[in-house]
Amino acid sequence: MSTNTPIDEIKTKAMERVAEIRIYHLVQIVEIINLASVRGAFKGPELSHVGAIYDNLASGINKAIEFTKLDLEKTKNTEVKNTAGISEH
């Protein structure tokens, strides 16, 4: 049995994995894409592909921000409910 796996197969399997990455890093990537675009780093035919990646990242970032807002609101509401029934003497 050979232990040599073709590099293309490894790349394909790696692309299917879910990796943890901080939203902060995704924001930085979006900012780099924007800066590169402003500086003319992309040729015309590349713009739609780069734009699609930008849109996908920006959408994911915005969803993460909305989920975080909802989580914070739920936490605040839970804290208020937990303390509402306590009376001080």
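Readers should treat all values here as calculations from the given coordinates under stated rules, not as data from a laboratory. Keep in mind it's a predicted model, so treat the numbers as computed, not measured. Positions of Cβ are generated from backbone atoms using ideal geometry, with glycine treated the same way; all protein chains shown enter the neighbour counts.
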Task: Residue satisfying condition, being out of contact with any Cys (no Cβ under 8 Å at 6 or more places or on another chain), surrounded by 10 or more Cβ atoms within 10 Å (Cβ to Cβ), over 29 Å from Thr68 (Cα atoms) and free of Cβ contacts under 8 Å to residues at least 60 places away in the same chain, within set Ile10, Ile32 - done: Ile10
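Which residues, counting only those in the range 37-59, are part of a helix (DSSP H, G or I), free of Cβ contacts under 8 Å to residues at least 12 places away in the same chain and not hydroxyl-bearing (Ser, Thr, Tyr)?
The first filter runs over the range 37-59 and keeps only residues part of a helix (DSSP H, G or I), leaving 37-38, 44-59.
Narrowing the set further to residues that are free of Cβ contacts under 8 Å to residues at least 12 places away in the same chain leaves 38, 44-49, 51-52, 55-56, 59.
Result: Val38, Gly44, Pro45, Glu46, Leu47, His49, Gly51, Ala52, Asp55, Asn56.
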